[in-house]
Amino acid sequence: MIDDLMTTERLYYDDSYTLDFNATVLEQTTYKDRPALVLDRSYFYPEGGGQPADSGQLNGVNVLDAQTREADRAVLHILDKPLTDKQVEGQIDPVRRTDHMQHHSGQHVLSQALSQAAQAETVSVHMGADTMTIDVNRNGLSPDEWLAVEALANRIVLEDRPVRAWFPDPAELATLALRKLPDVAGKVRVVDMGGFDLTACGGTHVARTGEIGVIKVVRFERRGETTRLEFKCGGRALEDYRDKNQVINLLAAEMTVGYRDLHESVKRIQSENKALKSELKAARERLVDSETLVLLANAEILGDWRIVTQAFDGRDPGELRLLAQKLTAHPGVIALLGTAGDTAQIIFGRAEAVPVDMAQVLKVALASLKTDRGGGRPNFAQGGGVPATLDEVTAALRLAEQTVREQA
Ligand SMILES: [Zn+2]
């Protein structure tokens, strides 16, 4: 995995804790159109093995990224602006480095715990700025298995075991039972988590398992034959706990229950909400029923017909349609309804035997509102959708009523 011939001496292999160092610039180059430097020695970890690169500074210039150049395995320090100095002083961002050390070490421990407590072998690992995930070769784990995995992993943390990373010679390497075999030929670096897990890895790790702080699986999802689990260690786990605690405390105070009763409270509110919705629907219907009777009592009588002309302000079109249906269920009724607002609506209906085409009458009302959006059948028509005041809607209904009267 590690070549003997390396342009840059990788100091982080033997020491993950030194964050300030001096180096000589060997080459000024570019990486994807950004200035980049090759140094003779560096503590910067270049992206690789599922671990993102360190960030930091060289002589005060920001190092945005570090990458390995394939051709000679030189470490490219990618900068946000050019730097021409021959000697540089490097500083690595301590927060990001510590976070990576905790999570990379935590991943080794968790992968071994998954193997021992759930016979789930790690198939891939992804480490991002916010989330760290492990994919295992099992389709789901039982709640008991999750508990056992987490308990075992955290026992290794609490035992504060020493962590050792070294380059064994081929004879020694042959005797080591590695969890994960190296994926690249060459010199192999081995990481030993205090006798619990032995694996090939080139990343930065803590010196003792206690520094991982805590290992918490926060989420898992089945993905076909594998399961992806997201976990958090140390500082990130504390931050996650703080965030979730704040949300839970807010909710519990809002609902005036203990946090363990939150789920029950939410279920109760959901079912109350459902019951209220159907009660509201029934109450609305009763209201429309009595409104129908009042409107019918005040309807204009024209021979066998009764004309109801009524404009409203900001009324729900669905409720207006219901009102039109109820009205026109009575023989001889013509309902000319409308509602004003940003999207005014005109709703016309008539009882079965009335020989008036409501779609034609609608056109008159829509023309008055200066739109032609709408249509329907001889017994029911609807249109509008443009802004109109109550006066404008009333005027449109009056014109429609006049058209109806002419057909009597
Ligand atoms: Zn590692």
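In nm, what is the difference between 0.36 nm times the number of residues separating Asn245 and Ala367 and their Cα-Cα distance?
Result: 38.0 nm gained on full extension.
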| request: Just tell me which lysines come within less than 26 Å, Cα to Cα, of Lys32; anything on the same chain fewer than 8 places away is out. | output: Lys81, Lys86
| query | Each residue of region 215-221 in order: what ³J(HN,Hα) in whole Hz does its phi give by Karplus 6.51 cos²θ - 1.76 cosθ + 1.60, θ = phi - 60°, with x for Gly and Pro? | reply | 10, 10, 7, 9, 6, 9, 9
| message | Checking the cross-link filter: which aspartates and glutamates have an alpha carbon closer than 14 Å to that of Lys277, excluding same-chain neighbours under 8 positions apart? | response | Glu285
| query | Against the longest principal axis of the chain, how steep is helix 234-255, in degrees 0 to 90 to the nearest 10, with axes from Cα atoms? | reply | 30 degrees
| field | Contour minus Cα-Cα distance for Asp169 and Asp313 (0.36 nm per residue) | value | 43.2 nm
| query | Tilt of helix 358-368 relative to the longest C-alpha principal axis of the chain, in degrees (0 to 90, nearest 10)? | reply | 70 degrees
| How big is the charge dipole of region 283-408 about its Cα centre, in debye rounded to the nearest 20, if each Lys and Arg gets +1 on its Cβ and each Asp and Glu gets -1 on its Cβ? | 200 debye
| said: As a test, work out the antiparallel percent of DSSP beta bridges whose residues both lie in the chain, rounded to the nearest 5. | reply: 90 percent
| message | Test of understanding: in a Gaussian network model of the chain with alpha carbons linked when under 10 Å, which of Leu110, Leu64, Leu293 would top the mean-square fluctuation ranking? | response | Leu293
| message | 5 Å is the cut-off here: which amide hydrogens, built 1.01 Å from N in the peptide plane, fall below it relative to Val63, excluding neighbours closer than 5 in sequence? | response | Gly56, Gln57, Leu58
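Based on the alpha-carbon gyration tensor of region 304-374 and its eigenvalue square roots a ≥ b ≥ c, which shape applies: rounded if a/c is under 1.5, prolate if not and a/b is larger than b/c, or oblate? Intermediate results must be reported in sequence, preceding the final value.
Details: a/c = 2.36, a/b = 1.39, b/c = 1.70.
In terms of gyration-tensor shape, oblate.
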| query | Out of Leu229, Ala117, Leu293, whose Cα points farthest toward the positive end of the dipole of the chain (charges: +1 Lys, Arg; -1 Asp, Glu; placed on Cβ)? | reply | Leu293
| Long pairs among Lys281/Lys326; Lys180/Lys216; Lys281/Lys363; Lys244/Lys267, criterion Cα-Cα beyond 27 Å | Lys281/Lys363
| field | Karplus 3J(HN,Hα) series, Hz, for region 32-39 with 6.51 cos²θ - 1.76 cosθ + 1.60 (x for Gly, Pro) | value | 6, 6, 10, x, 9, 10, 9, 10
| note | Most fluctuating of Arg96, Arg260, Arg398 in the GNM of the chain (C-alpha, under 10 Å) is Arg398
| field | On Cα atoms only, tilt of 94-118 relative to the major axis of the chain in degrees | value | 90 degrees
| query | Nearest 20 debye, what's the magnitude of the dipole of the chain about its Cα centre given +1 on Lys and Arg Cβ and -1 on Asp and Glu Cβ? | reply | 1240 debye
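None of the figures in this text is laboratory data; all of them are computed from the coordinates on show. These numbers were taken from a predicted model, which means no experiment stands behind them. Virtual Cβ from ideal backbone geometry, glycine too; neighbours counted across all protein chains shown.
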